[in-house]
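What follows is a set of notes on a single structure, which appears directly below.
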Amino acid sequence: MARRYPPRMADPSPAPTVLLAEADIARVVADLAARIAPVIDDETVAAVLLTGGLWFAADLTRALSRVGRNVRFDALWLASYGDDKTSRGKIDVYAPFQRPIAGRKVLILDDVFDTGLSLAEAVRIAREAGASEVLTCVFARKPWPAPRAPEPDFVGWEAPNRFLVGYGLDNAGGLRGLPDICALD
């Protein structure tokens with residue numbers, strides 16, 4: 001039986017059901033680091049898509065360091081959901097890269113690949129900024145009825161088509177800090 005978190009006071013929505021426990025998340029991240037390390041170098045810029053990807057990016061960059069890759073770090077702040085449970089179909093760019101990436105390999109990191117809009121926009125921005133190569137990595141990929149472009153170069157976990165929270169994934173800004181990935185449906 002799936003573990004559940006207790007109901008939240010003053011919130012009538014259902015309690016989150018754990019789909020991927022914290023220990024399993026750590027194993028997925030370590031596996032990703034082992035697969036990514038041979039194709040990057042220490043000059044690679046790991047660029048997290050804020051806000052949800054921050055938890056994954058922190059864990060992955062530490063895991064990469066444990067296998068001998070000490071990447072540079074940057075961020076793009078993009079949004080397609082806002083506080084909604086579905087994408088608005090457009091990307092808002094709140095903050096661009098903080099440092100020059102021209103001539104560098106860029107590894108874009110995101111929490112979940114759903115519509116693919118954020119990842120496609122991040123790839124476009126990195127290429128326009130002069131990245132020598134752009135690789136993409138997502139912790140989770142949700143099923144989608146139509147092909148999406150670009151598909152991520154690295155995927156950690158094939159997620160079910162459910163509303164996910166925890167490990168950076170949120171419900172209107174809440175529940176990001178859960179250590180597990182949970183369904184909220």
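Computed from the coordinates by the stated procedures, all read-outs in this text should not be read as laboratory data. All of these numbers come straight from a predicted model, not from anything done at the bench. Here Cβ is always computed from backbone atoms with ideal geometry, including for glycine, and neighbour counts include all displayed protein chains.
Assorted remarks:
- Distance (nanometres) between label positions extended 7 Å along Cα→Cβ at GLU43 and SER132: 0.4 nm
- Charge dipole magnitude, Cβ of K and R +1, D and E -1 - segment 19-160, Cα centre, debye nearest 20: 180 debye
- Altogether, the Stokes-Einstein calculation at 4 °C and 1.567 mPa s, with the Kirkwood radius of the chain over Cα pairs as Rh, returns a diffusion coefficient of 77 µm²/s.
- Per residue, the average separation of C-alpha pairs within less than 8 Å and at least 6 apart gives segment 19-160 a relative contact order of 23 percent.
- Acute angle (nearest 10 degrees) that the helix 22-36 long axis makes with the longest principal axis of the chain, alpha-carbon atoms: 20 degrees
- For the chain, modelled as a GNM whose springs connect Cα atoms under 10 angstrom apart, the maximal fluctuation among GLY53, GLY168, GLY130 occurs at GLY130.
- Summed residue charge, Cβ within 10 Å of ARG162's Cβ, Lys/Arg positive, Asp/Glu negative: 0
- With Cα atoms, 0 to 90° folded angle of helix 117-128 axis to the chain main axis: 10 degrees
- Net charge, GLN98 excluded, C-beta distance under 14 Å - Lys, Arg +1, Asp, Glu -1: +2
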